[in-house]
1. Could you count how many residues in the stretch 81-95 are touching a strand residue (DSSP E or B) at 6+ places or on another chain (Cβ under 7 Å) and either at pLDDT 85 or above or in a helix (DSSP H, G or I) (or both)?
2. Quick check on S27: is it modelled with pLDDT of 95 or more, assigned to a helix (DSSP H, G or I), surrounded by fewer than 22 Cβ atoms within 10 Å (Cβ to Cβ) and among the hydroxyl-bearing types (S, T, Y)?
3. With the requirement that a residue be within 22 Å of D218 (Cα to Cα) and acidic (D, E), what does the stretch 340-376 give you?
4. Would you be able to say whether some residue in the stretch 310-322 is under 17 Å from R238 (Cα atoms), among the polar types (S, T, N, Q) and touching a strand residue (DSSP E or B) at 6+ places or on another chain (Cβ under 8 Å)?
5. Can you pull out the residues in the stretch 329-384 that are among the polar types (S, T, N, Q) and open to solvent by less than 40 Å² (accessible area, probe 1.4 Å)?
6. All but one of (1) under 27 Å from E276 (Cα atoms); (2) free of Cβ contacts under 8 Å to residues at least 40 places away in the same chain; (3) aliphatic (A, V, I, L, M); (4) assigned to a loop (DSSP other than H, G, I, E, B) hold for L228; which doesn't?
7. Would you confirm whether any residue within the stretch 279-291 is open to solvent by less than 40 Å² (accessible area, probe 1.4 Å) and under 30 Å from Q138 (Cα atoms)?
8. Please name all residue pairs, on different chains or six or more residues apart, with Cβ atoms under 6 Å, provided the first residue is in the stretch 111-140 and is farther than 15 Å from A33 by Cβ and the second residue is part of a helix (DSSP H, G or I) and open to solvent by 30 Å² or more (accessible area, probe 1.4 Å).
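The values are calculated or read from the model by the stated rules, or taken from the named source; none is laboratory data. Treat the numbers as computed from the prediction; the structure is a model and nothing was measured. Glycine gets a Cβ as well: all are built from the backbone with ideal geometry, and neighbour counts include every protein chain shown. When the accessible area is computed, the model is the full protein with side chains, heavy atoms only, and any ligands, DNA or RNA have been set aside. Shrake-Rupley method; radii C 1.70, N 1.55, O 1.52, S 1.80 Å.
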Amino acid sequence: AVPELSSNGYLLIGASGGLNQQRTGISDAVVVARILNATLVVPELDHNSYWKDDSDFVDIFDVNWFISYLAKDVTIVKRVPDKFMRSMEKPPYTMRVPRKSPPEYYLDQVLPILQRRSVLQLTKFDYRLANNIDDELQKLRCRTNYHALRFTKPIQELGQKLVSRMRAMAKHFIAVHLRFEPDMLAFSGCYFGGGDKERYELGEIRKRWETLTDVDADGERRRGRCPLTPHEVGLTLRALGFANDTYIYVASGEIYGGEETLRPLRDLFPNFYTKEMLAEEELKHFFPFSSRLAAIDYIVSDESDVFVTNNNGNMAKILAGRRRYMGHKRTIRPNTKRLGPLMMERDHMDWDTFARKVKTFHKGFMGEPDEMRPGRGEFHEYPYSCICERPLGDVDKKRDDPRSEQRNLGLRGISKEEELISGAKEA
């Protein structure tokens, strides 16, 4: 790290969005501070997004751990020294960099301003750094995201309590992350089967965004741009071989339609639990803070045997990447381009046909370790630069040993359909 007295200046960051979007912004901010040889001020969190959460960094993350863990990489301070701020002739310069800017952009366009003004504020900081950057910088991203960003003790303890309560009921459980909030559904422009009432309600919400145009709901579904409904998630899991005695933990915010929307999923999986069901009293002081509630869901989802999403949003990507990085735990994300049209036609086929198609369409979407080639996809979802590779010779030797067949499956990921379904039923 460059000492504070000899750095190029102080870097202020405004991380935008909800918890997981902010997490990507914070991880990238540390890397940008390193690129600029700047002193990073603990990032500010967005209080004005859809989530309307006024939590600060210190309310969600262990700020002292964050600063100390990264001390050899980047100098981080809690605030710009008052003495320095009073000596400034002008307020901090504010700018917004283009999305996914390469390091060269920061060196050419941002560094001169930082050196001239000494304090620079970057706003709306989410996905503002390119996916493909030098391996050493990628590793700093991983040190930040997977090690330095540690939740506060109250959040961590309650999250682990919920994990223990799930484990006390079942040896294995699935975590299902449902993004099905009214605003999110309205923004998508999709139709979810709720008739005229749904079309009117979501249409009214959609008017909040003046730039949105009318879209063809069926066309959006066929193009794979719509999240699966809770019922469709349940049907997909049953088609993949998960039995109705499987225990599931549902991580979600407000569900459009409430219990009526969730009932089909609950009917398919009666062993259905949420954080509110597992810890209603202990959660009460978290209720006003959506990001802290999301952090609890994050912990339980990360600890689950299988993590399933109904969308490909920020939490889905961040957790998929973490589960790969931390030793590979299965993450099932929806192949919406194939499942969308299939769900529209499911009433015109028998169950065996539907299940066979789901299994076929989900090949490559089951969280296999090697389902995506390095360098493809978003880095936060596929952090290959940070994952150690087992020497190929060692794998080949074990592969030749018939006694280690099961161990090989564990190393390489279950690839045969029969083994997948068998493992799913066991889970």
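1. Residues meeting the conditions: 4.
2. No.
3. E345, D347
4. Yes: one or more hits.
5. Hits for the stretch 329-384 are T331, N335, T336, T353.
6. Every listed condition holds for L228 apart from (2).
7. Checked the stretch 279-291: at least one residue is open to solvent by less than 40 Å² (accessible area, probe 1.4 Å) and under 30 Å from Q138 (Cα atoms).
8. Partner pairs satisfying both residue conditions: D126/Q21; D135/S385; Q138/S385.
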